Amino acid sequence: MLDSPDSRLLELSAWLTRNLKGPCERIAPASGDASFRRYFRVFSGGESLIAMDAPPPLEDVEPFLQVADILRTAGVNVPIVHAVDTEQGFVLLSDLGNSRYRDELAAETADRLYGDAISALVAFQQAVDIRSCERPPYSEALLRRELNLFREWFLERALGIDLDAEEALLLEQTWSRLIASALEQPQVFVHRDYHSRNLMVCEAGNPGILDFQDAVIGPITYDLVSLLRDCYISWPAAWVDRWVDTYLELAARCDLVKPTEADRFRGWFDLMGVQRHLKAVGIFARLKLRDNKRGYLADIPRTLGYITEACQRYPEFSGFAAFLEETVMTRLADEAFA
């Protein structure tokens, strides 16, 4: 039985009929996605599975399959692939459940859940051989392209800010400093979206890890920033510092970070957060303006707050912090965008 059928869903249902061990009893939406992918929960023979709908040519399932194999080999919990049709863009996966980190995180659960997530992060950073995993590098060009999402989609298109020459130079100097910080860090396997909406609370092998198809080889702080300075939930600074200490202790045991690099690591962590959050704000604006997905707008003020707070701690970013406070936050109050 189909809930809210459409043409792709009808095609998926027919494909499932051929690939399930038993009859397909029901298909229901499992979650949306910031891309063109959709996920459905499939009920068959008393079991629930997840079906991915990744319509070609808008999406390609091959990176998902490749990275799933990499992470499974690294010993962390990712969905098991039961069936694939790359031409149609359908994948049948094991179901990691309904409990996202985002929904389960609270003061009384945070230490346990983040402890598990940090352990899994260190595990795959240590286990994945970046020389042979065939993932692309987080290059200067890619870092710059991501930062320019903030300028194009948020500043110019969403807020209507026409940068003058001085402001344009300020952005270029800021981008160059952030890129230099990212590239000087130790390079590891990077999930790239390792945060509370992509981690599932599991009784065994916690956490279950999703949405990893965009993985790259990049800065060691990137996934830790995604986790601890999440665009969707915030924590007291002292808690974040404590969790960073937990990571550093585990990473030092695995020779990922030298004990003498702790202070430098924290600087990398802060500036990586600025880069990631600038990209995220640009993406949130693009989702609203291009794709008519408004659900991420509420996350923009929190994300801008992360950026401003981090920049204020570093004298070389004080000018950019002032630009955000005096120009961007003022314009953001315009109800036309909200």
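Computed from Cα atoms, the angle from the helix 110-127 axis to the main principal axis of the chain rounds to 90 degrees.
Rounded to whole numbers, the Karplus 3J(HN,Hα) couplings from phi for the range 279-289 are 4, 4, 4, x, 5, 4, 5, 5, 4, 6, 7 Hz, using 6.51 cos²θ - 1.76 cosθ + 1.60 with θ = phi - 60°, and x at Gly and Pro. Over the chain, what is the relative contact order in whole percent, taking alpha-carbon pairs under 8 Å and six or more residues apart? Across the chain, relative contact order equals 16 percent.
Neighbour counts of C-beta atoms inside 10 Å place Lys258, Lys21, Lys288 in the sequence Lys21, Lys258, Lys288, starting with the fewest.
Neighbour counts of other C-beta atoms within 10 Å: give me Arg151, Arg331 arranged from fewest to most. Intermediate values should be presented prior to the final figure.
Numbers: Arg151 19, Arg331 15.
In order of increasing Cβ crowding within 10 Å: Arg331, Arg151.
Placing +1 on each Lys and Arg Cβ and -1 on each Asp and Glu Cβ, with no other charges, gives the chain a dipole about its Cα centre of roughly 340 debye. Relative to the current alpha-carbon distance between Glu156 and Glu309, full extension at 0.36 nm per residue lengthens the span by 52.8 nm.
When His82, His191 are sorted by how many other C-beta atoms sit within 10 angstrom of their C-beta, beginning with the fewest, the order is His82, His191. Here the Karplus curve 6.51 cos²θ - 1.76 cosθ + 1.60, taken at θ = phi - 60°, turns the phi angles of the range 253-264 into couplings of 4, 9, 6, 7, 9, 7, x, 6, 9, 4, 5, 5 Hz, with x standing for Gly and Pro.
Assuming 0.36 nm per residue, please report the length gained on full extension of the stretch Glu166 to Asp111 beyond their Cα-Cα distance. List each step's numbers first, then the result.
Numbers: separation 55, 0.36 × 55 = 19.80 nm, distance 4.43 nm.
Gain in length upon complete extension: 15.4 nm.
For semi-axes √(5λ) of the Cα gyration tensor in Å, the listed values are [x] 35, 25, 18; [y] 49, 19, 17; [z] 38, 24, 17; which was obtained by calculation from the structure presented? Computing semi-axes √(5λ) of the Cα gyration tensor in Å and matching it to [x] 35, 25, 18; [y] 49, 19, 17; [z] 38, 24, 17 gives [x].
Once you've got the GNM for the chain with C-alpha springs shorter than 10 Å, pick whichever of Gly273, Gly89, Gly208 has the biggest mean-square fluctuation. Top of the fluctuation ranking is Gly89. Principal axis extents of the C-alpha atoms in the range 190-338 (largest first, rounded to whole Å): 50, 39, 28.
Excluding same-chain neighbours fewer than eight residues apart, the aspartates and glutamates reachable from Lys21 by a Cα-Cα span under 16 Å are Glu47, Asp95.
Every number in this text was worked out from the coordinates using simple rules, so none of it is lab data. All of these numbers come straight from a predicted model, not from anything done at the bench. With ideal geometry, Cβ positions are generated from the backbone for all residues, glycine too; neighbour counts draw on all protein chains shown.
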